[in-house]
Amino acid sequence: EVQLVQSGAEVKKPGESLKISCKGSGYTFTSYWIAWVRQMPGQGPEWMGVIWPADSDTRYSPSFEGRVTFSVDKSVTTAYLHWTRLQPSDSAMYFCAMSSGSGSYTNWGQGTLVTVSS
Amino acid sequence: DIVMTQSPLSLPVTPGEPASISCRSSQSLLHSNGHNYLDWYLQKPGQSPQLLIYLGSKRASGVPDRFSGSGSGTDFTLKISRVEAEDVGVYYCMEALQGPFSFGPGTKVDIK
(Lines give C-alpha, C1' and ligand atoms only; values in the text may rest on other atoms or scores of the structure.)
Protein backbone atom coordinates (compact mmCIF):
# COMPACT_ATOMS: atom_id res chain seq x y z
CA GLU A 1 0.00 0.00 0.00
CA VAL A 2 1.34 3.40 -0.99
CA GLN A 3 1.61 5.70 2.02
CA LEU A 4 2.96 9.14 2.79
CA VAL A 5 3.23 9.64 6.55
CA GLN A 6 4.03 13.10 7.85
CA SER A 7 5.54 14.18 11.13
CA GLY A 8 3.39 15.52 13.94
CA ALA A 9 2.09 18.97 14.74
CA GLU A 10 4.59 21.66 15.72
CA VAL A 11 4.32 24.80 17.84
CA LYS A 12 7.20 27.22 17.35
CA LYS A 13 8.17 30.80 18.13
CA PRO A 14 8.91 33.42 15.48
CA GLY A 15 12.51 33.26 14.33
CA GLU A 16 12.93 29.58 15.15
CA SER A 17 13.85 26.96 12.58
CA LEU A 18 11.80 23.90 11.72
CA LYS A 19 12.05 20.80 9.55
CA ILE A 20 8.97 18.63 8.96
CA SER A 21 9.05 15.25 7.27
CA CYS A 22 7.12 13.07 4.85
CA LYS A 23 8.01 9.37 4.73
CA GLY A 24 7.06 7.42 1.64
CA SER A 25 6.47 3.68 1.59
CA GLY A 26 4.94 1.05 -0.66
CA TYR A 27 6.42 2.44 -3.87
CA THR A 28 9.75 3.32 -5.50
CA PHE A 29 10.56 6.56 -3.68
CA THR A 30 12.94 7.83 -6.35
CA SER A 31 10.44 7.49 -9.20
CA TYR A 32 7.82 10.02 -8.14
CA TRP A 33 7.87 13.75 -7.56
CA ILE A 34 7.07 14.90 -4.04
CA ALA A 35 5.14 18.16 -3.80
CA TRP A 36 4.58 20.37 -0.79
CA VAL A 37 1.26 22.16 -0.44
CA ARG A 38 0.30 24.82 2.10
CA GLN A 39 -3.22 25.32 3.33
CA MET A 40 -3.83 28.27 5.59
CA PRO A 41 -6.84 28.18 7.94
CA GLY A 42 -10.07 28.36 5.99
CA GLN A 43 -8.26 28.76 2.67
CA GLY A 44 -7.60 26.64 -0.38
CA PRO A 45 -4.40 24.74 -1.08
CA GLU A 46 -1.30 26.51 -2.42
CA TRP A 47 1.35 24.69 -4.39
CA MET A 48 4.77 25.39 -2.87
CA GLY A 49 6.89 23.34 -5.23
CA VAL A 50 8.28 19.89 -5.91
CA ILE A 51 11.38 17.78 -5.48
CA TRP A 52 12.57 14.78 -7.51
CA PRO A 53 14.02 12.39 -4.92
CA ALA A 54 16.38 10.65 -7.35
CA ASP A 55 18.62 13.71 -7.73
CA SER A 56 17.01 16.36 -5.47
CA ASP A 57 16.03 18.49 -8.47
CA THR A 58 13.74 21.12 -6.97
CA ARG A 59 11.21 23.56 -8.41
CA TYR A 60 9.89 26.23 -6.08
CA SER A 61 6.89 28.46 -6.51
CA PRO A 62 8.11 32.09 -6.62
CA SER A 63 5.83 32.74 -3.65
CA PHE A 64 7.92 30.39 -1.50
CA GLU A 65 11.40 30.46 -3.05
CA GLY A 66 14.00 31.66 -0.58
CA ARG A 67 11.68 31.13 2.37
CA VAL A 68 11.66 27.33 2.50
CA THR A 69 13.95 24.51 1.43
CA PHE A 70 13.04 21.05 0.19
CA SER A 71 15.33 18.07 0.72
CA VAL A 72 15.24 14.29 0.72
CA ASP A 73 17.07 11.42 2.38
CA LYS A 74 16.77 8.51 -0.01
CA SER A 75 18.18 6.08 2.56
CA VAL A 76 15.04 6.52 4.68
CA THR A 77 12.66 7.40 1.81
CA THR A 78 11.80 10.70 3.45
CA ALA A 79 11.26 14.19 2.12
CA TYR A 80 11.67 17.30 4.25
CA LEU A 81 10.38 20.86 4.31
CA HIS A 82 12.64 23.27 6.17
CA TRP A 83 12.35 26.83 7.45
CA THR A 84 15.35 28.70 8.90
CA ARG A 85 13.34 31.56 10.41
CA LEU A 86 9.63 31.01 10.96
CA GLN A 87 7.13 33.84 10.90
CA PRO A 88 3.58 33.86 12.29
CA SER A 89 2.35 33.92 8.68
CA ASP A 90 3.84 30.43 8.23
CA SER A 91 1.12 29.03 10.49
CA ALA A 92 -0.78 26.57 8.33
CA MET A 93 -1.36 22.93 7.50
CA TYR A 94 1.32 21.51 5.22
CA PHE A 95 0.74 18.49 3.01
CA CYS A 96 3.12 16.39 0.98
CA ALA A 97 1.81 14.62 -2.11
CA MET A 98 3.26 12.40 -4.83
CA SER A 99 3.01 12.55 -8.59
CA SER A 100 4.35 10.47 -11.45
CA GLY A 101 4.98 13.64 -13.44
CA SER A 102 1.73 14.83 -14.97
CA GLY A 103 1.11 16.95 -11.92
CA SER A 104 -1.71 14.75 -10.69
CA TYR A 105 -1.21 14.06 -7.01
CA THR A 106 -2.45 10.54 -6.44
CA ASN A 107 -1.44 10.14 -2.81
CA TRP A 108 -1.25 12.65 0.00
CA GLY A 109 0.16 12.73 3.48
CA GLN A 110 -2.16 13.37 6.40
CA GLY A 111 -0.82 16.88 6.87
CA THR A 112 1.38 18.59 9.48
CA LEU A 113 -0.06 21.54 11.37
CA VAL A 114 2.50 24.25 12.04
CA THR A 115 1.68 26.99 14.52
CA VAL A 116 4.04 29.95 14.92
CA SER A 117 3.25 32.19 17.84
CA SER A 118 5.11 34.15 20.46
CA ASP B 1 0.93 32.49 -13.59
CA ILE B 2 -2.30 30.74 -14.57
CA VAL B 3 -5.33 31.88 -12.59
CA MET B 4 -8.12 29.43 -11.86
CA THR B 5 -11.72 30.35 -11.14
CA GLN B 6 -14.64 28.15 -10.11
CA SER B 7 -18.40 28.48 -9.97
CA PRO B 8 -20.43 28.25 -7.96
CA LEU B 9 -18.44 28.72 -4.76
CA SER B 10 -21.22 27.11 -2.73
CA LEU B 11 -23.48 24.31 -3.90
CA PRO B 12 -26.25 22.86 -1.74
CA VAL B 13 -27.25 19.50 -3.14
CA THR B 14 -30.02 16.94 -2.69
CA PRO B 15 -28.93 13.29 -2.41
CA GLY B 16 -29.75 11.41 -5.57
CA GLU B 17 -29.77 14.56 -7.70
CA PRO B 18 -27.02 15.57 -10.15
CA ALA B 19 -24.52 18.33 -9.47
CA SER B 20 -22.11 20.26 -11.65
CA ILE B 21 -19.10 22.50 -10.96
CA SER B 22 -17.40 24.74 -13.47
CA CYS B 23 -13.69 25.60 -13.59
CA ARG B 24 -12.07 28.14 -15.86
CA SER B 25 -8.38 28.86 -16.43
CA SER B 26 -6.78 32.13 -17.58
CA GLN B 27 -4.72 30.24 -20.16
CA SER B 28 -5.36 27.11 -22.18
CA LEU B 29 -4.43 23.91 -20.38
CA LEU B 30 -4.27 21.92 -23.62
CA HIS B 31 -0.78 20.59 -24.20
CA SER B 32 0.60 19.83 -27.64
CA ASN B 33 0.34 16.15 -26.72
CA GLY B 34 -3.44 16.46 -26.76
CA HIS B 35 -3.93 16.24 -22.99
CA ASN B 36 -5.58 18.89 -20.84
CA TYR B 37 -3.57 19.31 -17.66
CA LEU B 38 -6.49 19.85 -15.31
CA ASP B 39 -7.16 17.89 -12.13
CA TRP B 40 -10.12 17.79 -9.77
CA TYR B 41 -9.68 17.13 -6.05
CA LEU B 42 -12.15 16.66 -3.21
CA GLN B 43 -11.21 17.66 0.29
CA LYS B 44 -13.59 16.15 2.80
CA PRO B 45 -13.86 17.85 6.21
CA GLY B 46 -10.71 17.29 8.25
CA GLN B 47 -8.99 15.27 5.52
CA SER B 48 -6.28 15.69 2.92
CA PRO B 49 -7.34 16.42 -0.66
CA GLN B 50 -7.99 13.33 -2.77
CA LEU B 51 -7.59 13.09 -6.53
CA LEU B 52 -10.84 12.50 -8.40
CA ILE B 53 -10.08 13.37 -12.03
CA TYR B 54 -6.78 13.92 -13.85
CA LEU B 55 -5.97 15.09 -17.35
CA GLY B 56 -9.38 16.70 -17.51
CA SER B 57 -11.47 13.57 -17.84
CA LYS B 58 -9.68 10.49 -16.48
CA ARG B 59 -11.05 9.06 -13.24
CA ALA B 60 -8.43 8.29 -10.63
CA SER B 61 -8.15 4.79 -9.23
CA GLY B 62 -11.04 3.89 -6.94
CA VAL B 63 -13.18 6.91 -7.82
CA PRO B 64 -16.85 6.02 -8.32
CA ASP B 65 -18.15 6.32 -11.87
CA ARG B 66 -20.77 8.85 -10.78
CA PHE B 67 -17.92 11.39 -11.04
CA SER B 68 -16.98 12.60 -14.51
CA GLY B 69 -14.81 15.37 -15.90
CA SER B 70 -15.09 17.12 -19.22
CA GLY B 71 -13.88 20.18 -21.08
CA SER B 72 -10.86 21.40 -22.96
CA GLY B 73 -8.68 24.47 -23.26
CA THR B 74 -9.90 26.90 -20.63
CA ASP B 75 -13.33 25.55 -19.63
CA PHE B 76 -13.89 22.43 -17.60
CA THR B 77 -16.74 20.78 -15.73
CA LEU B 78 -16.98 18.22 -12.96
CA LYS B 79 -20.27 16.37 -12.82
CA ILE B 80 -21.71 14.10 -10.17
CA SER B 81 -24.50 12.06 -11.71
CA ARG B 82 -26.23 11.28 -8.41
CA VAL B 83 -24.92 12.96 -5.28
CA GLU B 84 -24.40 10.84 -2.20
CA ALA B 85 -24.04 12.08 1.37
CA GLU B 86 -20.35 11.09 1.38
CA ASP B 87 -19.63 13.54 -1.47
CA VAL B 88 -19.80 16.60 0.79
CA GLY B 89 -16.67 18.69 1.04
CA VAL B 90 -14.76 21.26 -0.99
CA TYR B 91 -13.97 20.56 -4.63
CA TYR B 92 -10.88 22.14 -6.17
CA CYS B 93 -9.67 22.23 -9.72
CA MET B 94 -5.92 22.53 -10.24
CA GLU B 95 -3.93 23.29 -13.35
CA ALA B 96 -0.90 21.08 -13.85
CA LEU B 97 0.40 22.50 -17.13
CA GLN B 98 2.95 25.03 -15.99
CA GLY B 99 4.47 25.81 -12.64
CA PRO B 100 3.66 27.16 -10.22
CA PHE B 101 0.59 24.96 -10.34
CA SER B 102 -2.48 26.75 -9.05
CA PHE B 103 -5.71 25.67 -7.45
CA GLY B 104 -9.12 27.19 -7.92
CA PRO B 105 -10.83 28.86 -4.94
CA GLY B 106 -12.92 25.77 -4.24
CA THR B 107 -16.60 24.88 -4.37
CA LYS B 108 -18.17 23.87 -1.08
CA VAL B 109 -20.74 21.13 -1.57
CA ASP B 110 -23.12 20.34 1.25
CA ILE B 111 -26.46 18.64 1.67
CA LYS B 112 -29.61 20.78 1.54
Threshold 10 Å², region B:65-105 residues less accessible with all protein chains present than alone (1.4 Å probe): B:Tyr92, B:Met94, B:Ala96, B:Pro100, B:Phe101, B:Phe103
Dipole of chain A, positive end: most advanced residue of A:Val116, A:Val72, A:Tyr60 [Cβ charges, Cα centre]: A:Val116
Heavy-atom accessible area ranking, 1.4 Å probe, most first, across B:Thr74, A:Thr112: B:Thr74, A:Thr112
Diffusion coefficient, µm² s⁻¹, Stokes-Einstein with Kirkwood Rh over alpha-carbon pairs of the protein assembly as shown at 20 °C and 1.002 mPa s: 118
Subset of A:Lys23/B:Lys58; A:Lys13/B:Lys112; A:Lys19/B:Lys79 violating a 32 Å alpha-carbon distance limit: A:Lys13/B:Lys112; A:Lys19/B:Lys79
Charge dipole (debye, nearest 20) of the protein assembly as shown; +1 at Cβ of Lys and Arg, -1 at Cβ of Asp and Glu: 180
Given charges at Cβ of Lys, Arg, Asp, Glu: chain B dipole, positive-most of B:Phe67, B:Leu30, B:Gly106: B:Phe67
Highest-fluctuation residue, B:Val90, B:Val63, B:Val13 considered, GNM on chain B with Cα pairs under 10 Å: B:Val63
Exposure ranking of A:Met40, A:Met48 by accessible area [1.4 Å probe, largest first]: A:Met40, A:Met48
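Carbon and sulfur: what percent of the protein assembly as shown's accessible surface (1.4 Å probe)? Can you show the working numbers first?
Working: 5010 of 10550 Å².
C and S atoms contribute 48 percent here.
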Mean accessible surface per residue for the protein assembly as shown, computed with a 1.4 Å probe while every protein chain stays in place, in Å²: 46
Estimated buried accessible area (total), pair B and A, 1.4 Å, Å² to nearest 100: 1300
Residue among A:Val68, A:Val76, A:Val50 with the largest mean-square fluctuation in a Gaussian network model of chain A, springs linking Cα atoms under 10 Å: A:Val76
Calculated FRET value between A:Glu1 and B:Lys108, using beta carbons and R₀ = 41 Å, to 0.05: 0.85
Average Cα contact separation per residue, chain B, under 8 Å, 6 or more apart, as relative contact order %: 37
Charged-residue dipole, Cβ positions (Lys, Arg, Asp, Glu), region B:64-112 about Cα centre, Debye nearest 20: 120
Cα point-scatterer Debye curve for chain A, base-10 log of I(q)/I(0) at q = 0.10, 0.14, 0.23 Å⁻¹: -0.26, -0.52, -1.41
Dipole magnitude of region B:5-112 about its Cα centre (Cβ charges: Lys, Arg +1; Asp, Glu -1), debye to nearest 20: 40
Accessible surface, 1.4 Å probe, highest first, among residues B:Asp75, B:Asp1: B:Asp1, B:Asp75
Long-range tail of P(r) for chain B (Cα pairs > 26 Å, %): 12
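The values are calculated or read from the model by the stated rules, or taken from the named source; none is laboratory data. What you see is a predicted model, and the numbers here were worked out from it, not measured in a lab. A quick note on method: Cβ atoms are made from the backbone with ideal geometry, for glycine too, and the neighbour counts reach across all protein chains shown. These accessible areas exclude ligands, DNA and RNA; they are computed on the full protein's heavy atoms, side chains included. Shrake-Rupley method; radii C 1.70, N 1.55, O 1.52, S 1.80 Å.
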